[in-house]
Structures are given as C-alpha cells and as structure tokens.
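Working notes, beginning with the structure itself.
Bear in mind these aren't lab numbers, they're just calculated from the coordinates by the rules spelled out. Keep in mind that what you see is a predicted model, and the values were worked out from it rather than measured. Here the Cβ positions follow ideal geometry from the backbone for every residue, glycine too, while neighbour counts run over all protein chains shown.
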Ligand SMILES: [Zn+2]
C-alpha cells in the first residue's frame with residue numbers, strides 16, 4: 001500500500017540535490033513556505049557563493065529558467081535570508097477540475113468541443129469561473145491557429161493575459177495563473193477577451209481543465225500518477241530503470257510533459273510544461289555531481305545549442321558506476337522550430353559521451369519511417385493524392401525488410417548510446 005514511504009521519493013530529495021546551475025554550490029532556500037510535514041512548497045533559491053537568486057520553488061516545482069528574478073529578489077530583500085518559514089495550516093494535494101466538471105460556472109455562449117473542451121468564440125460576456133478553497137491555480141488551454149486571447153482573474157483581480165494563437169497544429173498548453181494564495185476560499189475566472197493575434201483565424205478560447213492545489217493529503221500513500229503526453233519511454237530505458245537501485249535516483253533529462261509513477265524519477269526540462277519537477281537548462285544542470293544512478297535523455301540533444309556541454313553535464317550528475325542512456329536525431333527533418341540545432345551519426349553520439357565507458361551504440365527508426373517524415377515535413381505528402389500516398393507508403397514499408405540492421409546505421413532516424421561512469 002504505502003510503497004512510497006519505503007524510500008524518500010526523488011521529489012522529496014530535490015531539496016538536498018539541487019545546486020546552483022552556475023557554480024554548483026549549495027543553494028539556500030529563503031522565504032520558505034512549508035507544509036505541516038515539512039515539504040517545501042515555495043521559496044527563493046539563493047546562491048551564497050554567486051551572491052544571487054538562482055531560482056525559485058513554486059508549488060513544489062524547482063524553477064531555474066522561467067522564474068521572475070526581480071520579484072524573487074524583492075521577496076528576499078523584504079523578508080531577509082534568515083526569516084523563519086511560514087507553515088501552511090494543512091497538507092495539500094492537486095485536483096483537476098475538468099472541462100465538464102459541474103462546479104464550473106459558464107456564463108455566455110460556451111459550447112462543447114471534441115468531447116474534451118469548452119469553446120468560446122470570444123463574444124463579450126463569455127466567462128468561465130471556479131470557486132473553492134485553493135492555494136494555487138493553473139489552466140490547460142488549447143493553442144491553435146483559430147485561438148485568440150484570454151484574461152485570468154483571481155478574486156476579481158487581473159492575474160495575467162495570454163495569447164493562445166499558434167500558427168500550426170494544436171497544443172494543449174499549461175498556464176500557471178496564481179500561487180501561494182492565502183488559505184481560504186478563492187475564485188478564478190477565465191475571460192475570453194475577443195482579441196487576437198493579427199495572424200489568428202479567430203478569437204476562440206478552448207478550455208480543457210484547471211489544476212488547483214487544495215487542502216488534502218498528498219505524498220505518502222499516493223505516489224505520483226503516471227502521465228506521459230510526449231514520446232513513450234524507450235524499451236531500453238524501461239529495462240535500465242528496472243535495473244536501477246530501489247532507493248536510487250533517475251534523471252530524465254529533457255523529458256518534456258511527462259511524469260512517471262516511479263518514486264525515483266525526476267524530470268528536468270527547459271520548457272514550461274506542466275509535468276516536469278524541475279525547469280532547468282541541460283547545459284547547466286542544477287544538481288549535485290554524481291547523484292543519479294541512471295540518467296537518460298530521449299530526443300533532447302538535437303535541441304540543445306551546445307550538445308557537448310549538455311553531455312558533459314549529464315555525465316557529471318551520473319553517479320560513479322551509474323548508467324547513462326541518450327538517444328537523439330540522425331536523419332530527422334527539422335522539428336520543434338527553432339530549437340533544433342545538431343543531428344548526430346552513430347559516431348557523433350559516441351563522441352559526445354566519450355568521457356564515459358561506452359557500452360553500446362545503437363540506431364533506430366526504419367527507412368520508411370524516415371522517408372515518410374521527410375514527405376510530411378516537406379509538404380509533399382499533403383500535396384499528393386491520398387490513395388497514391390497510401391500506396392507509396394505501403395511500398396516503402398515493404399522495402400524495410402531489405403535494410404538489415406547494420407545497413408540501417410547509415411540511414412537511421414535516430415541514434416542512441418548506453419554508457420556507464422567508471423566507479
Ligand atoms: Zn552559484
């Protein structure tokens with residue numbers, strides 16, 4: 001039942017293993033807000049060696065990238081570094097308030113959309129509200145080419161405005177709205193403004209869900225639920241996770257919008273997705289050296305401006321005797337624009353990690369997969385007649401059998417390396 005109490009979870013150990021991303025010195029958590037059990041819910045992370053604020057903790061997440069340095073500095077000046085923590089009157093838990101939750105109040109002309117959204121076209125008077133006891137609130141809204149702008153209000157006070165337009169595809173995107181509100185009842189409102197980006201085809205607001213932090217008991221009896229909104233974890237990594245020590249730590253470097261139920265697991269990502277525990281830069285990892293039994297990264301290194309620096313950091317935080325697994329793009333077209341810099345061959349990824357003992361270099365993604373992606377990304381797929389395209393793909397797939405694994409090394413979609421750090 002209480003398997004998470006057997007070992008302190010990775011998330012509970014963050015306070016001990018996070019370090020200054022610049023000098024790797026110990027950080028001093030100031031302006032602390034603790035739960036009665038002593039969990040650090042929020043604070044300012046000050047580096048005595050550098051003499052500056054390097055990050056914050058917000059609603060249990062460590063943020064070395066997106067925090068408001070000026071606001072954190074002012075908080076620190078007001079309270080002083082040594083101020084005693086404030087302790088919440090109760091433990092807290094996260095609750096999702098979904099688009100169809102009866103506690104939501106919808107005013108104006110909202111419609112249901114796609115079985116998972118409430119849709120406003122941005123008409124005056126449209127408003128979505130939720131009232132209850134909560135300390136933090138965030139929302140997941142859809143960005144797409146028809147989306148406009150929305151304003152957030154908390155207890156009637158403006159709490160930010162967002163532009164939901166994105167030129168291509170659609171993405172459910174996470175927006176923190178407010179945090180560390182005073183214990184007691186609050187109300188949050190999402191108001192479509194009717195405004196839009198000049199390129200947007202409409203001023204829609206598509207609401208998926210709210211996430212609130214409310215009184216409750218999280219932690220011991222309820223290990224984090226597994227949610228993965230990005231690439232599945234590679235089978236090779238799943239195997240390595242099984243072999244990692246039961247009380248160990250596992251780092252998913254650039255895991256994206258993913259949280260695994262495994263209590264050893266910590267995801268650090270640069271982007272402000274909802275699920276990472278830490279927002280940090282792979283080229284300046286905010287962790288103590290040698291603390292992770294397994295470090296893995298999938299489809300990250302092609303998105304890092306200096307992959308050698310990121311590889312060195314991943315090797316640094318791996319414990320002596322620990323294992324590293326990294327996979328990255330080889331023959332993949334440009335994706336995640338504009339943060340796509342360097343693809344690598346099988347020899348290239350080996351070069352990145354040669355400070356470790358390389359155990360295996362491998363490659364994946366069949367020829368048909370690569371060509372299909374090229375056809376889609378170049379627009380050729382969209383311009384072909386559907387039947388003709390389907391026949392072409394079927395023909396390509398039949399060619400995969402003609403490319404044995406050794407030959408695939410020259411034309412694979414991705415490459416991977418498994419290595420260990422000398423003990
Ligand atoms: Zn420092």
### Summary
Scoring segment 93-215 by relative contact order with C-alpha pairs under 8 Å, at least six apart, yields a percentage of 39 percent
## Note on the structure
Ratio for segment 93-215, C-alpha Rg to 2.2 N^0.38 Å, reads 0.99
### Query
Using a ≥ b ≥ c from the Cα gyration tensor of segment 3-89 (square roots of the eigenvalues), is it rounded, prolate or oblate, where a/c under 1.5 gives rounded and otherwise the larger of a/b and b/c decides, a/b for prolate?
oblate
### Task
Order the peptides 10-18, 258-266, 237-245 from the highest to the lowest mean number of other Cβ atoms within 10 Å of their residues.
258-266, 10-18, 237-245
### Query
For the chain, what's the relative contact order in percent, using C-alpha pairs closer than 8 Å and at least 6 residues apart?
14 percent
### Task
Let me have the relative contact order for segment 3-89, percent, based on Cα pairs under 8 Å that are six or more residues apart.
27 percent
### Query
Could you state the number of Å between the C-alpha centres of segment 263-297 and segment 40-84?
19 Å
### Message
Test of understanding: express the Cα radius of gyration of the chain as a ratio to 2.2 N^0.38 Å, with N the residue count.
### Response
1.07
